[in-house]
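Read-outs: derived from the displayed coordinates by stated rules, not from any lab. Nothing here was measured: the structure is a model prediction, and the numbers come from that model. Positions of Cβ are generated from backbone atoms using ideal geometry, with glycine treated the same way; all protein chains shown enter the neighbour counts.
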Amino acid sequence: GGTGPLDVPEKTALELIDHVRAEDFDVAVSYRMPVDHGFVQLWEAMLGDFKSIPILPIFVNAAAPPVPTYRRARQLGESVGRFAARSGKRVLFAASGGLSHDPPLPSIKDAPPEIRERLINGRNPTAEAKEAREKRVFEAGVLAEAGEGPCQPLNPDWDAEFMEILRSGQIWRADALDTGKVREVAGRGANEVLAWVAAFGAFSTGGHFKMEQEFYEAIPGWIAGMAMMAAKQADGTH
């Protein structure tokens, strides 16, 4: 994808931070947060350019323990939703990540010292390190397509159950999900759906909504259950 800065309206971002802090969320703040493909490919696919609209990026940790609970992710989203409702602006909530997938990523818990150091201090890898990582993931995808390799198989049943929670509008039902069990049954990357819960939590504060579009396909070669869900407020006001 493309490179460069996001168009982040600083005044609005700081107002949002004050709002969520007033509702007891002690969020971290960065003035130069590097973001990856998960933040920009969505906009590039829809708009052709992630720089064409103002964006407030909110990072929900789903990878390095300790990760937040599903209840807390929902509550944070609802707080953001209340802020958006009071802004008087037309707002699109978007999330990326998930669903079931088990990428070949080491765990810091049992990693050898050299891998542990890379996980802790590897935010800006060299070109060689990036190439090696991409090659490793590509090879794992080829093996997964053949039903082999180190990656846990996809779990379409779990994906369907999770999407049904969002579709129902009863986002609070996701509170029952346990991050450890999600990782166990749906893979090392599956807790990325915490971002989905936060986004739907924000969206649900506007009242009833209707689904506009849904897509799902389990794609072993991509090491992921791939999905897209889109919805609008039922009354068309948001």
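Listed highest first by mean packing, meaning other Cβ atoms within 10 Å per residue, what order do 61-71, 159-169, 198-208 come in? Numbers along the way, then the final one.
On the way: 61-71: 15.5, 159-169: 17.5, 198-208: 21.5.
Output ranking for 61-71, 159-169, 198-208: 198-208, 159-169, 61-71.
Tabulate in residue order the Karplus-calculated ³J(HN,Hα) for segment 185-197, using 6.51 cos²θ - 1.76 cosθ + 1.60 with θ = phi - 60°, rounded to whole Hz; enter x for Gly and Pro.
8, 10, x, 5, x, 5, 5, 4, 5, 3, 5, 4, 4
At a Förster radius of 22 Å, what calculated FRET efficiency corresponds to the Cβ-Cβ distance of R136 and S107, to the nearest 0.05? Could the numbers behind the result be given before it?
Values: r = 15 Å, r/R0 = 0.69.
FRET efficiency, R136 to S107: 0.90.
Under 5 Å between amide H atoms, partner at least 5 residues away or on a different chain: which partners does A231 have, H built in plane at 1.01 Å?
Result for A231 returns E212.
By count of other Cβ within 10 Å, fewest leading, how are V197, V8 ordered?
On the way: V197 31, V8 13.
Lowest to highest Cβ neighbour count: V8, V197.
Of K130/K232; K51/K109; K89/K210, which ones are farther than 29 Å apart at the Cα? Write out the running numbers ahead of the final one.
Values: K130/K232 38 Å; K51/K109 38 Å; K89/K210 20 Å.
Long pairs (Cα-Cα over 29 Å): K130/K232; K51/K109.
Taking neighbour Cβ counts within 10 Å as the exposure measure, how do W196, W172, W43 sort from fewest upward? Before the final figure, lay out the partial values.
On the way: W196 26, W172 16, W43 19.
Arranged by neighbour count, lowest to highest, W196, W172, W43 become W172, W43, W196.
If one computes the Cα centroid of segment 75-127 and of segment 146-221, what distance in Å separates the two points?
Centre-to-centre distance over Cα atoms comes out at 15 Å.
What does the highest-first list of 214-225, 119-130 look like by mean Cβ count within 10 Å? Walk me through the intermediate numbers first.
Numbers: 214-225: 16.9, 119-130: 10.0.
Answer by packing, highest mean first, reads 214-225, 119-130.
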